[in-house]
1. Given the conditions (1) in a helix (DSSP H, G or I); (2) modelled with pLDDT of 80 or more, report the number of the one that Ser6 does not fulfil.
2. Would you check which residues across segment 221-257 are part of a loop (DSSP other than H, G, I, E, B) and either in contact (Cβ under 8 Å) with a residue 40 or more places away in the chain or closer than 25 Å to Ile273 by Cα (or both) and list them?
3. Among the residues of segment 60-108, which ones are of a type in the set (Val, Ile, Thr), out of contact with any Leu (no Cβ under 8 Å at 6 or more places or on another chain) and at pLDDT below 85?
4. Is it the case, given these coordinates, that Tyr145 is modelled with pLDDT of 90 or more, surrounded by fewer than 20 Cβ atoms within 10 Å (Cβ to Cβ) and hydroxyl-bearing (Ser, Thr, Tyr)?
5. Considering only segment 16-51, state which residues are modelled with pLDDT of 60 or more and among the acidic types (Asp, Glu).
6. Being exposed (fewer than 15 other Cβ atoms within 10 Å of the Cβ), among the charged types (D, E, K, R) and outside the structural domain of Ala248 (by TED's automatic domain parsing) is true for just one of Lys73, Lys65, Lys56. Which residue is that?
7. For segment 235-252, give me the residue count where each residue is over 20 Å from the mean Cα position of the chain (by Cα) and surrounded by 14 or more Cβ atoms within 10 Å (Cβ to Cβ).
8. Taking the conditions exactly as written (assigned by TED's automatic domain parsing to the domain that holds Ile266 and either within 28 Å of the chain's Cα centre (by Cα) or modelled with pLDDT under 75 (or both)), does Glu228 satisfy them or not?
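The values are calculated or read from the model by the stated rules, or taken from the named source; none is laboratory data. Fair warning: this is a prediction, and the values are worked out from it, not measured in the lab. Please note: Cβ atoms are built from the backbone with ideal geometry, for glycine as well, and neighbour counts cover all protein chains shown.
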Amino acid sequence: MYKIMSFLAIYVRKDVFMAKNKVEITGIVTSKLKVLKHEEMTELFKKYQSGDLKAKDELVNGNLKLVLSILKKYQNKTDNMDDLFQIGCIGLIKAIDNFDLSHEVKFSTYAVLMIEGEIKRYLRDNNSVRISRSIKDLAYRIMKYKEDYLNKYSKEASTIDIANHFNVSEYEVREALLSLKEPMSLFEPIYNDGGDTIYLMDQIEDKKENKDLDSLISMRKALNKIKEREKNILINRFIVGKTQTEIANELHISQAQVSRLEKNAIKQVKKLIK
């Protein structure tokens, strides 16, 4: 672990953000990052596996583009791309440490699996909604059963059929299937006719309407007292529903800066509405 963190200190202490079609690292022109040829990779692996740690430096540096290319797939999964880049680099370093030249497999093929494995594990472990393994296992078994049932009888299996087959309650069947769905934000737009957008939270019954109305008025007053840029960041983040990365691209600053401005704005608003 010490070796991994040492290499990360060299390679990932930079702000990372997503452009429209590529990953950018502040202070580095990613298009000019070195990409190693197959012969160079083979020679460097031989040197590293013989104890040359400088060769490992070159292997890491020469494969950063591979990490960046993989991150494109996850730009909508997290707002913190700099953390995800570091996790991807951990996967890259593990791949370099464990790669075996004798297997005659391309390093990129092997490394992609390691990098994606680290990223997926990180996203799963940091998901705000935790689902137990047993519920998810049941959900996948139900999906397989539904598919087989449809092929056999040419009709959908009912909830009762599924519950009886797995000896569980209908409630457990519904909960298992719901566990496969991504959680929806309260700020998810559900209708727009070209005028005002209606969000999911607008359709949820509020039993504390008067109290919330007072809070809303206080919130608006507080927003009008903070800096315009920070106010716009909060509106874009929590009303419009943009990611920190999208806002960073619009303001031409890093995602880390947006994160700091957002936290500062929230602190100010909390003070003002007390």
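1. Failing condition for Ser6: (2).
2. The answer is Asn224, Lys225, Ile226, Lys227, Gly241, Lys242, Thr243, Ser254.
3. Within segment 60-108, Val105 is the sole residue that qualifies.
4. Values: modelled with pLDDT of 90 or more: yes; surrounded by fewer than 20 Cβ atoms within 10 Å (Cβ to Cβ): yes; hydroxyl-bearing (Ser, Thr, Tyr): yes.
When the stated conditions are applied, Tyr145 passes them.
5. Of everything in segment 16-51, those that are modelled with pLDDT of 60 or more and among the acidic types (Asp, Glu) turn out to be Glu39, Glu40, Glu43.
6. Details: Lys65 fails: exposed (fewer than 15 other Cβ atoms within 10 Å of the Cβ); Lys56 fails: exposed (fewer than 15 other Cβ atoms within 10 Å of the Cβ).
It is Lys73.
7. The number of residues fulfilling the criteria is 1.
8. no
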